[in-house]
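Just below is one structure, and these are the notes that go with it.
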Ligand SMILES: [Zn+2]
């Protein structure tokens, strides 16, 4: 997904050669550098995503402080070591992700994978910005809004805890003849296998969705009158709820459903501040 004029690589896999060449050119002064401060980025992200309005599982905003000056920001789904290494290669001074480093319930020790990720960020002076639920929720640029766009769905209402769930129908009208047809639609558009339970043989008009590990929203989706619910993951109970309530449940992958919000938000903010942005998708079977 390309949402900003400065994104020169928005595809899958690691940063493209073309992008790195452009970064090189900037580094050698062949193109005028455009720059924002880390504080400007933080204020712009906070203004857009309003993290103060959410109860979340970890801190939203600047999780790790790096260089004060940012010319290039990399977005990705998760602050994994692979993403941080790719950002180092791309000579980025900031990373924007959905899944940051710190979560409620962690024991707080900086050992193993945590030590490795933090060491890389600190060594290369890279800012880590992470927004979890506020990124899911943004009405135009968030994960749910962007997944809807990708799937040709139009939201007309919100549902569930903190109004994170989206409820709507096919953009431009029309319906899916069956859960199987909707599952095939997901697989074509996301390039991933979908796990699904039909519930009952029926036409699908009203569709609810919530990206990532939102299988716990299925009951709220049923209560909201959905014919089908789309999320990233399935757990054991959802198959039974689907069959007993006659509502289709479709899991299309946690990572697969959350690849679209981070580049949309980071791209939008980068364009606003006039800095470079690229999305780097670290392949994940989930
Ligand atoms: Zn997630």
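Among the listed residues 159, 176, identify the single one that is assigned by TED's automatic domain parsing to the domain that holds residue 222, farther than 21 Å from residue 256 by Cβ and touching a strand residue (DSSP E or B) at 6+ places or on another chain (Cβ under 6 Å).
Testing whether each residue is assigned by TED's automatic domain parsing to the domain that holds residue 222, farther than 21 Å from residue 256 by Cβ and touching a strand residue (DSSP E or B) at 6+ places or on another chain (Cβ under 6 Å) leaves just 159.
Taking the condition within 16 Å of the ligand (Cβ to nearest atom), assigned by TED's automatic domain parsing to the domain that holds residue 247 and assigned to a helix (DSSP H, G or I), does residue 147 pass?
Spelling it out, residue 147 is indeed within 16 Å of the ligand (Cβ to nearest atom), assigned by TED's automatic domain parsing to the domain that holds residue 247 and assigned to a helix (DSSP H, G or I).
For the stretch 173-188, state whether one or more residues are within 24 Å of residue 285 (Cα to Cα), within 16 Å of the ligand (Cβ to nearest atom) and within 18 Å of the chain's Cα centre (by Cα).
No, there is no match, as no residue in the stretch 173-188 is within 24 Å of residue 285 (Cα to Cα), within 16 Å of the ligand (Cβ to nearest atom) and within 18 Å of the chain's Cα centre (by Cα).
Filter the stretch 207-232 down to the residues that are touching a strand residue (DSSP E or B) at 6+ places or on another chain (Cβ under 6 Å) and surrounded by fewer than 19 Cβ atoms within 10 Å (Cβ to Cβ) and list them by number.
224, the sole residue that qualifies.
As an exercise: evaluate residue 74 against (1) assigned to a strand (DSSP E or B); (2) more than 18 Å from the chain's Cα centre (by Cα) and give the number of the one condition it does not meet.
(2)
Exactly one condition in (1) modelled with pLDDT under 95; (2) part of a loop (DSSP other than H, G, I, E, B); (3) in contact with a helix residue (DSSP H, G or I) (Cβ under 8 Å, 6 or more places away or on another chain) is not met by residue 29; state its number.
(3)
Listed residues 118, 135, 48, 62; which is at pLDDT 95 or above, assigned to a helix (DSSP H, G or I), within 19 Å of the chain's Cα centre (by Cα) and more than 16 Å from the ligand (Cβ to nearest atom)?
48
Taking the options 149, 182, 186, 133, name whichever one is under 26 Å from residue 72 (Cα atoms) and either out of contact with any helix residue (DSSP H, G or I) (no Cβ under 7 Å at 6 or more places or on another chain) or buried (at least 19 other Cβ atoms within 10 Å of the Cβ) (or both).
Among 149, 182, 186, 133, only 133 is under 26 Å from residue 72 (Cα atoms) and either out of contact with any helix residue (DSSP H, G or I) (no Cβ under 7 Å at 6 or more places or on another chain) or buried (at least 19 other Cβ atoms within 10 Å of the Cβ) (or both).
Among the residues of the stretch 84-115, write down those that are surrounded by 24 or more Cβ atoms within 10 Å (Cβ to Cβ) and either without any contact (Cβ under 8 Å) to a residue 12 or more places away in the chain or within 14 Å of the ligand (Cβ to nearest atom) (or both).
Selection gives 97, 98.
So residue 256 passes all but one of these: (1) assigned to a helix (DSSP H, G or I); (2) within 30 Å of residue 37 (Cβ to Cβ); (3) within 16 Å of the ligand (Cβ to nearest atom). Which condition number does it fail?
(2)
Among the residues of the stretch 244-251, is there at least one that is surrounded by fewer than 24 Cβ atoms within 10 Å (Cβ to Cβ) and either on the phi < 0 side of the Ramachandran plot or in contact with a helix residue (DSSP H, G or I) (Cβ under 6 Å, 6 or more places away or on another chain) (or both)?
yes
Somewhere in the stretch 267-276, is a residue farther than 15 Å from residue 208 by Cα, in contact with a strand residue (DSSP E or B) (Cβ under 6 Å, 6 or more places away or on another chain) and in a loop (DSSP other than H, G, I, E, B)?
Yes, that holds for at least one residue.
Could you run through the stretch 116-130 and say how many residues are in contact with a helix residue (DSSP H, G or I) (Cβ under 9 Å, 6 or more places away or on another chain) and without any contact (Cβ under 8 Å) to a residue 24 or more places away in the chain?
The number of residues fulfilling the criteria is 1.
Working only within the stretch 241-253, note down all residues that are out of contact with any strand residue (DSSP E or B) (no Cβ under 6 Å at 6 or more places or on another chain) and either in the same structural domain as residue 85 (by TED's automatic domain parsing) or more than 16 Å from the ligand (Cβ to nearest atom) (or both).
Result: 241, 243, 244, 245, 246, 247.
The values are calculated or read from the model by the stated rules, or taken from the named source; none is laboratory data. Remember, it's a predicted structure, so these values are computed and weren't measured experimentally. Positions of Cβ are generated from backbone atoms using ideal geometry, with glycine treated the same way; all protein chains shown enter the neighbour counts.
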